[in-house]
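A short worksheet on the structure shown next.
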Amino acid sequence: MVRKTVILTREAELIIKKMGKRMKEARLRRNIMAEVLAERVGISKGTLIAIEKGEPTVSLGAYVAVLTVLDMARDFEYVAIDEEGKRCYQDAYLYQRKRATKRIGGE
């Protein structure tokens, strides 16, 4: 099977790197050794290190698994907030244009 390469924008790369850095900081704040976290998640220590470096080649599932063990998965849910909810929120703050008044005289 041919593996496809995803080309990321610079912005996307930075987002992934920030996420990895925050996950590492959260692990360190919780005093969890990398080996222990990797074992709890079911991944290798090398994969965990790649996640903490923000490597885009690691599967999304591995990222979410680490977030779950670190009790940070709830924040990840906001990425996929339902479009209907977003649309209702946006519509509530849109400027409502007033209708033009009718002209008298049929013009």
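Coordinate-derived values only; no laboratory data. Bear in mind that the values here come from a model prediction, so they are computed numbers and not experimental data. Positions of Cβ are backbone-derived with ideal geometry, glycine not excepted, and every protein chain shown enters the neighbour counts.
For the reader, a short list of remarks on this structure follows.
- Each residue of the range 46-61 was assigned a 3J(HN,Hα) from its phi angle through the Karplus curve 6.51 cos²θ - 1.76 cosθ + 1.60 (θ = phi - 60°); the sequence is x, 5, 4, 4, 4, 4, 5, 7, x, 6, x, 7, 6, 5, 4, x Hz, with glycine and proline shown as x.
- Filtered trypsin sites (Lys or Arg not before Pro), the range 25-71: DSSP coil and at most 13 other beta carbons within 10 Å: Arg30
- Estimated vicinal HN-Hα couplings, Hz - the range 68-73 in sequence order (Karplus 6.51, -1.76, 1.60; Gly, Pro = x): 5, 5, 7, 6, 10, 5
- For the listed peptides 56-65, 15-24, a ranking on the average number of other beta carbons within 10 Å per residue, highest first, reads 15-24, 56-65.
- Spatially, the range 54-72 and the range 4-19 are offset by 14 Å when compared through their Cα centroids.
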